[in-house]
Amino acid sequence: MKANWKIIALFFGATVLAFTACRPEDTTPEPEAKVASEEDVVDMIEGSVSDETGGLEQEVAEMATIADDYVYKGLLDTPCEEERDTSFTYDYQGNLVSASYATNSTFILHCNDVDFPVAMDFTTSTTGTYTTPRIVSSDSGSSAWNVDNLLNGTDYIVNGTYQRSGTQESQVGNQYTFNSTLDFELENLNINKGNYQIDSGMATFTITAEVEGGESRTFEGTIVFLGNQAADVIINGTTYPIEW
């Protein structure tokens, strides 16, 4: 009888082991993390530099207009080393793109020994919204620029910093909503004195984008401005052409 119980115990033990070994593993896939892609970042950058969206090119055009005023006035009205301020609004309504921004700016005109204007320093703050077929943004920005080459050549030369931060809603792909901060370091942007467009130059950037209900991710890269309202955005060795 004792031997029979041993046989029964061994049988049940083997059955339990066999059941455990044959039980299928949980193959439910982990949910995909919600993070910004490089393509999302390129859309944000394009919106931040386009003149139509009230971006970088639009702001430098406004600064170039102010610089023109003092260059043409020459010795008649050159408030050298005096801090002045101005404000302006930008509103654009196109078939595919719209934008509305309000900007406040403070500037100082620097002159040479005979009071000819040679450079200007600008600080600006701006706030507003823009819409494109790929992205909708509500953001604010700030910048600190030195505009050089006032009297010489066909281009103004701009160096400094440019920042945008706010909320973007993607209209393509996963259609995520982002909270983002974008920082530019501008290096020798050449601004055409005739049409106020960016002829050449570059910018390094850092952008942090946090997906609503997802994760935060930081990207670093370079923008090479090609003229004719086009640029190459380079992230992790991959080049993304943009135009506006």
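Structure above, values below:
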item	result
Backbone N under 18 Å from the Asn159 label point (7 Å along Cα→Cβ), restricted to region 82-119	108-112, 118-119
Spacing of the two label points (7 Å from each Cα toward its C-beta) at Ala144 and Thr89, in nm	3.0 nm
Length released on extending from Ser216 to Leu96, taking residue separation times 0.36 nm less the Cα-Cα span	40.3 nm
Using alpha carbons only: equivalent-ellipsoid semi-axes of region 146-244, gyration tensor based, whole Å	30, 14, 12
Where only alpha carbons of region 44-131 are counted, the Rg and the Dmax (Å)	15.2, 50
Region 86-194 - Rg (one decimal) and Dmax (whole number), Cα, Å	17.0, 59
Spatial separation of Cα centroids for region 99-161 and region 169-208, in angstrom	14 Å
Volume in Å³ per residue [convex hull over Cα atoms, computed for region 175-231]	93 Å³
Cut-off 13 Å between beta-carbons: net charge of the residues surrounding Gly94, Lys and Arg +1, Asp and Glu -1	-3
Additional length obtainable on full extension of the chain from Leu151 to Asn195, 0.36 nm per residue less Cα span	14.2 nm
Footprinting exposure proxy for Met120, Met202 (fewest neighbouring C-beta atoms within 10 Å first)	Met202, Met120
Burial ordering of Ser87, Ser137, Ser105, fewest other beta-carbon atoms within 10 Å first	Ser87, Ser105, Ser137
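Laboratory data are not the source of any read-out in this text; all were calculated from the coordinates shown. Here the structure is a predicted model, which is why all the values come from computation and not from measurement. All Cβ positions, even for glycine, are placed from backbone atoms using ideal geometry, and neighbour counts span all protein chains on display.
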